[in-house]
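Every number in this text was worked out from the coordinates using simple rules, so none of it is lab data. A quick note: this is a predicted structure, and the numbers were derived from the prediction, not measured. Glycine also receives a Cβ, built like all others from the backbone with ideal geometry; neighbour counts cover every protein chain displayed.
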């Protein structure tokens, strides 16, 4: 089995296909407005003409490339290429502003590699076992996880917690626009047909980060790019010593990404934010987060790529897509005559191992492609600001249009840009808003399902152990900053009393 | 009487917003009869509205710890924001009526002119950039990614008339 897998993977045609897939994925991930989902949707028809092994190699490589590619624009421009790299902007871009773009890219690229490789190996070894665990989780656990994730991100909000909660609630309120989950009742569309479909995620992210930044910088007359340090790149741009110093952070972020990735419907869009929040709250210097702390980049990039392996588990073992690109991949598998689900491992084991193999190979290809590109990516910042951001604005509008094939999505993007300006004016944090928007529908759907499936009403969320534990973590993390401040104040007064004595 | 700071004004705004959200949620019409035990489509947005009101009240009475930051340095800053907003809206209208190529050339040229106000770029540089950027993005999206970019109502009419 091992040798036949290697034989298929290393056929020259398949190697070229894998490399092309990685390259396309990185490009789509890096361009704001495009994503791995777009790339895979575009490449799916092309893969029909290939045999099933080549098709899966092509699509798998694109997926891995796209998840990693998002870090480039997040770090260099402060505009997330995909939702999976939103948290990378929080510290990646401030590092660029400080002239440490290459360092941030190095950390991001190596972290992405660690996340992907580790998670795929775990997926390969424990796929059936983990899939069984995933099946045992019901809407109660998923609701509590979403709730816990939002609260964790709220607790890391700069300034007061009220602002974080308001931002998350506004995000969730916007996610309510359109048809309601389960019964499809129309909500807040005000008779506008475009709003019936809800607010498009790409339009929201582009408006909130890209257009809003362009408008704000223009208003504040900030029309100069951050400096790029002169560098002589050696190796990966990050030393083994640095990696070792951050081993616990990497490990923690990795398991957060893996866990969130393998829950159906969740994915790298959520894992990067949760890992970032956890890294900040457990850091010795939480005040340095958001100001260019490399730990923020480690956490975000390890976790979003760890979700790759996580998302593969339910897709392969249960036939339930772990995230949106995986649902496209699932469609591709079915078209090629394969039936993803519990029987796939026994009926087509060679196929499953080729799939895992290409994910590992694609991670290696992505690493070296991005390491090669690292010499050139920061040079983007040497393009004068007015040229660079005029070009970005054009691409953003085309990207927003392409996701829904509707000009109204561009209008929506402008509306969100205005909301972003309001956030900047009111000093509301962006992370809880984005997470509230992404998780809003899942939160509502699982809440409604959870209550409908059980006669005990809301209390059922507290009677299931995992759900209860997650809710306790959420409540605990909400009050922890106040408790910690009290403890520190008490310690401080005791210390002072001791000194006075 | 506590001083009406920016933070407190915002808190009042959130309270009003939350109340409006609760009212709008109460107006949602059911598509189907709600199944037994289901909380229905109104419950979640109502909870959000209540949450915003509570947070607004919390913010109103919380301790004002830091001085309000300045969003825009001067009034001209706000005018520049309005100018940019008008440009974006005009671009969307242009996409709808003139189509991608014409409106994007105009949009890219005006945007570049606005962003390079201090550098004072030569007009031919602006024009070359606008045309190259438009054609490049058109080629990438329309030819490579196969996205049909908007042709524009008026442009389509002219093309039809010419045929």
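For chain A, what is the calculated [θ] at 222 nm in deg cm²/dmol (nearest 500), taking -39500 (n - 2.57) for each run of four or more DSSP H residues and dividing by its residue count? Don't jump to the answer; show the numbers that get you there.
Values: 23 runs with 368 residues, N = 501.
That calculation yields -24500 deg cm²/dmol at 222 nm.
Using a 10 Å cut-off around each Cβ of peptide B:12-25, what is the average number of partner chain Cβ atoms that fall inside? Show your work: numbers first, answer last.
Numbers: counts 0, 2, 7, 0, 0, 4, 3, 0, 0, 5, 0, 0, 5, 4.
Rounded to a whole number, the mean comes out at 2.
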(request) Treating each Cα of the stretch B:20-163 as an identical point scatterer and ignoring solvent, apply the Debye formula and state log10 I(q)/I(0) at q = 0.18, 0.20 Å⁻¹. (result) -1.02, -1.15
(message) Quick check: the angle from helix B:100-115's long axis to the longest principal axis of chain B, C-alpha only, nearest 10 degrees?
(response) 70
(message) What does the C-alpha gyration tensor say about the overall shape of the stretch A:163-223? Classify as rounded when a/c is under 1.5, otherwise prolate if a/b is larger than b/c, or oblate.
(response) prolate
(request) On a 0 to 90° scale, report how tilted helix B:6-26 is relative to the longest principal axis of chain B, with both axes built from alpha carbons and the result rounded to the nearest 10. (result) 90
(request) Take the Cα radius of gyration of the protein assembly as shown and divide it by 2.2 N^0.38 Å, with N its residue count; two decimals is plenty. (result) 0.97
(request) Please determine, in degrees from 0 to 90 and to the nearest 10, the orientation of helix B:75-97 with respect to the longest principal axis defined by the Cα atoms of chain B, where the helix direction is its Cα long axis. (result) 60
(message) How far apart, in nanometres, would the label points at residue A:51 and residue A:462 be if each is projected 7 angstrom from Cα along the Cα-to-Cβ direction?
(response) 6.0
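Which peptide among B:85-93, A:214-222, B:23-31 comes first, and what is the full order, when sorted by highest mean count of other Cβ atoms within 10 Å? Can you show the working numbers first?
Details: B:85-93: 16.4, A:214-222: 19.6, B:23-31: 14.0.
Top to bottom by mean Cβ count within 10 Å: A:214-222, B:85-93, B:23-31.
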(request) Between residue B:163 and residue A:404, with labels modelled 7 Å along Cα→Cβ, what's the label distance in nm to one decimal, could you check? (result) 2.9
(request) For every helix of n ≥ 4 consecutive DSSP H residues, a contribution of -39,500 (n - 2.57) applies; sum these over chain B, divide by its total residues, and give [θ] at 222 nm rounded to the nearest 500 deg cm²/dmol. (result) -22500 deg cm²/dmol
(message) What does the C-alpha gyration tensor say about the overall shape of the stretch A:281-367? Classify as rounded when a/c is under 1.5, otherwise prolate if a/b is larger than b/c, or oblate.
(response) prolate
(request) Based on the mean of other Cβ atoms within 10 Å per residue, sort peptides A:296-307, B:145-156 so the most packed one is first. (result) A:296-307, B:145-156
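Report the FRET efficiency, 1/(1 + (r/R0)^6), for residue B:85 and residue A:452, where r is their Cβ-Cβ distance and R0 is 45 Å, rounded to 0.05.
Numbers: r = 44 Å, r/R0 = 0.98.
E(calc), rounded to 0.05, equals 0.55.
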(message) At 7 Å along Cα-to-Cβ for each site, give me the label-to-label distance between residue B:151 and residue A:13 in nm.
(response) 3.8
(request) Identify the residues of the stretch A:206-227 with backbone N under 14 Å of a label point that sits 7 angstrom from the Cα of residue B:76 along the Cα-to-Cβ direction, or state none. (result) A:218-223
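Provide a whole-number value for the mean count of partner chain Cβ atoms within 10 Å of the Cβ atoms in peptide A:476-489.
Numbers: counts 0, 0, 0, 0, 0, 0, 0, 0, 0, 0, 0, 0, 0, 0.
Average per residue, whole number: 0.
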(message) Give me the inter-chain shielding for A:172-184: mean count of other chain Cβ atoms within 10 Å, whole number please.
(response) 5
(request) Sort the following peptides by mean Cβ neighbour count (other Cβ atoms within 10 Å, averaged over residues), highest first: A:63-74, A:269-280, A:36-47. (result) A:63-74, A:269-280, A:36-47
